[in-house]
Amino acid sequence: MISQSSAGIILCAKSMQGRVHPTDARRQLFFLDNPRYAFVKIMNQMYNKKNTAGISARSVISETAKIGSGCCIGDYTVIGDDCIIGDNTMIGTRVSLQNCCIGNNSIIQSGVTIGEDGFAFERNADGSLERFPHKRGVKIGDNVEVGANTNIQRGSLSDTIIGNGTKIADMVHIGHHALIGEHCQIAAGTAEINRRSKYSRKGFWSDSDR
């Protein structure tokens, strides 16, 4: 494939060094430890556009919420009482934020709901259901990305926590007081990460592993 490519610059794995050679004097081959990562960095620098900071006049923000500098808040987004948003964080359109703290340089895409009560009930003697109280919040670190239409529930007796650098895809459900570590990737459609679920880059761990 490399010999047939018309690209002027080709990023190759180091393991290919000495095995492939440019077929044209105008073609350059670069042998790297991680060519895919280098490609991503180059493309992001070429095409990454900074979001214009500003708060939409069509958003609804509580007087007690705190919004950092350089943030972008989209149309029809609702930010509830005592929410905290860090610097340079982007909040998309039609986002609902309640009972949460979000760090710096994070991205919350459109349609996300963060901080609503989780699903927890206890049965009375007559079989009817009594809602379990949810009194804690959601804490999201720096450089976190949350995909469109994802739902992250507030904790009941302890906070739901998402660590720095974690990336969450679209339509993910994270249940009350889940603990997600730093730099994790959670695929689209993942459901019911709940209070018993603790997640790190290496996968799920138990209390004895902490």
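The values are calculated or read from the model by the stated rules, or taken from the named source; none is laboratory data. Please read these numbers as outputs of a predicted model, since none were measured by experiment. Backbone-built Cβ (ideal geometry, glycine too); neighbour counts: all protein chains shown.
Residues that are farther than 23 Å from I168 by Cβ, surrounded by 15 or more Cβ atoms within 10 Å (Cβ to Cβ), modelled with pLDDT under 95 and in contact with a Cys (Cβ under 7 Å, 6 or more places away or on another chain) are absent from segment 5-13 altogether. Return a yes/no flag: does segment 61-78 have any residue that is of a type in the set (K, R) and closer than 30 Å to S15 by Cβ. The answer is no, given that none of the residues of segment 61-78 is of a type in the set (K, R) and closer than 30 Å to S15 by Cβ.
Out of T64, T77, one residue alone is buried (at least 16 other Cβ atoms within 10 Å of the Cβ) and either closer than 15 Å to I108 by Cα or of a type in the set (S, T, N, Q) (or both). It is T77. Residues that are under 22 Å from A169 (Cβ atoms) number at least 2 in the following strands (runs of 3 or more DSSP E) confined to segment 51-158: 100-102, 138-140. List every residue pair whose Cβ atoms lie under 6 Å apart, where the two residues are 6 or more positions apart in sequence or sit on different chains, the first residue falls within segment 169-186 and is in the same structural domain as F119 (by TED's automatic domain parsing) and touching a residue at least 60 places away in the same chain (Cβ under 8 Å), and the second residue, located anywhere, is of a type outside the set (A, V, I, L, M) and surrounded by fewer than 17 Cβ atoms within 10 Å (Cβ to Cβ). These pairs meet every condition: D170/N149. Taken over segment 112-134, the criterion of being basic (K, R) and touching a Leu at 6+ places or on another chain (Cβ under 7 Å) is satisfied by R123 alone. Looking only at segment 36-45, decide whether some residue is at pLDDT 85 or above and surrounded by 17 or more Cβ atoms within 10 Å (Cβ to Cβ). Checked against the condition, which is being at pLDDT 85 or above and surrounded by 17 or more Cβ atoms within 10 Å (Cβ to Cβ), segment 36-45 yields no hits at all.
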